[in-house]
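What follows is a single structure, written as structure tokens, with notes after it.
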Amino acid sequence: MQRTLIATVTAAALALAVPVFGADTPPSTGNSEDIFVVKESSETPTIVVSGSVVPFKEVTLAAQLPGRVKYMSGIEGDKFDAGTTLVALDETELLAKRSAAYAQLAAADAEMRNANVQYSRELWSPQSKNAPGGMGIPNLFDQMFTRPAEDMFGGRDRTAERSADLYASSTRMEQARSSILRAQSEIRAIDAKLRDAKSLAPFDGVIVEKFVEEGDTVQPGLPMLKFADVTWLQIEMDVPARLAQGLEPMEVLEKAATFDDHREPVDVRVAQVFPMADVQRHTIRVKFDIPQGVSKPGMYARIQIPDRTGPVKSQLPVIPSTAIRYRGSLPVVYIQNDEGRPELRMIRQGKRLGNGMTMVLSGVAPGDRVYPNPGPDMMSRSRGE
């Protein structure tokens, strides 16, 4: 009787040493030697798609004219309000041209006033009818006999001469007016270049990246800095067309996104589905809104997108979420091979379930024995060290 009791206790202890868990029961977290037998679960299949965290708004400020950078407002990470000068180019040459244009405008205005005076004089006191200077009999004879005789015999048409003089005066007025308009246009063009010499913040944001420093010489089109609004962030990724067809704008995917700097899954919202596919990769670009304070621009992100083009329910293997480790950005697990030693295997991670389990799209199969809590020595053990 005593021997039977000892044998029973020993068998129970051995059974507890290597427990086996079902698909709906998460494993314990205290022993790295626990073994989880992979089971199947009926869930909507998901596909993990990778992307990057990007700002909600981002612009690249480029040089609009050649020149030397004389002012930079700050460094990467500095915040500025809309309308703040971020970059300024040397504008000495433009200011000199502006002064010259104003001088031309003043000269054209003086010419215009002189033309108006000459026209008024010709209108009220035509030169063609004025008698030559002098007094006495010769002047009187010229006015009484010579001029009427010229008009009578056709030797001289003073009316035509007056019309020509008036036309010449009006022409000088038009030329002066054109000179004024030309000078004003040059001033407006120079003022536009002066505005282009300064790059202003188009909205409230931060400097993301700088490409030039004070003293650098730039040419038109050369990028100078990136400016972004990082209050709200998004995930931008290229999604296979069959997955993008099942996404609707403003749809919320619960606990679908993970980040390199935030491993806990968070909810995301479909912000935009681009109308055109990429002509080379045949994927569709999609943007997702993420909660504030979750990640930073440029970080690597993964989203579990439901595959609604296939069967509604699919038998997929599930494993404990604690069994998943990452080599860089690639998810891996350790399974127990036929020799009883751990073996590293790469998987395609699917949807995380609410009971601490994660669906696996490929890499493991039902019946595989997975280590749910691989310890730090698991890598060396898998190599036989």
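Key figures for this structure:
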{"read-out": "Relative exposure of 300, 326, judged by other C-beta atoms within 10 Å (fewest first)", "value": "326, 300"}
{"read-out": "Exposure proxy ranking, count of Cβ atoms within 10 Å, fewest first, for 86, 194, 233", "value": "194, 86, 233"}
{"read-out": "Order of 361, 344 - criterion: other Cβ atoms within 10 Å of each residue's Cβ, fewest first", "value": "344, 361"}
{"read-out": "Equivalent ellipsoid dimensions for the stretch 190-275 as semi-axes, Å, which come from the Cα gyration tensor, largest first", "value": "38, 17, 13"}
{"read-out": "Efficiency of FRET from Cβ geometry, residue 71 and residue 109, R₀ 35 Å, rounded to 0.05", "value": "0.50"}
{"read-out": "Calculated over the stretch 266-385: convex hull of Cα atoms, volume per residue (Å³)", "value": "176 Å³"}
{"read-out": "Span from the the stretch 77-113 Cα centroid across to the the stretch 335-367 one, whole angstrom", "value": "68 Å"}
{"read-out": "Of the trypsin sites (Lys or Arg not before Pro) in the stretch 222-295, those whose Cβ has at most 15 other Cβ within 10 Å and which sit in DSSP loop", "value": "281"}
{"read-out": "Rough spin-label spacing in nm, given labels placed 7 Å along Cα→Cβ, for residue 198 and residue 81", "value": "1.5 nm"}
{"read-out": "Cleavage-rule hits (GluC sites (Glu not before Pro)) in the stretch 202-311: DSSP loop, at most 14 neighbouring Cβ within 10 angstrom", "value": "213, 214, 251"}
{"read-out": "Whole-Hz ³J(HN,Hα) from phi, Karplus 6.51 cos²θ - 1.76 cosθ + 1.60, for the stretch 332-344, glycine and proline x", "value": "9, 9, 10, 10, 8, 7, 5, 8, x, 10, x, 9, 6"}
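Just so you know, all these numbers are worked out from the coordinates, no wet-lab data involved. In this text the structure is predicted, and so the values were computed from the model without any measurement. Note that we place each Cβ from the backbone using ideal geometry, even for glycine, and neighbour counts take in every protein chain shown.
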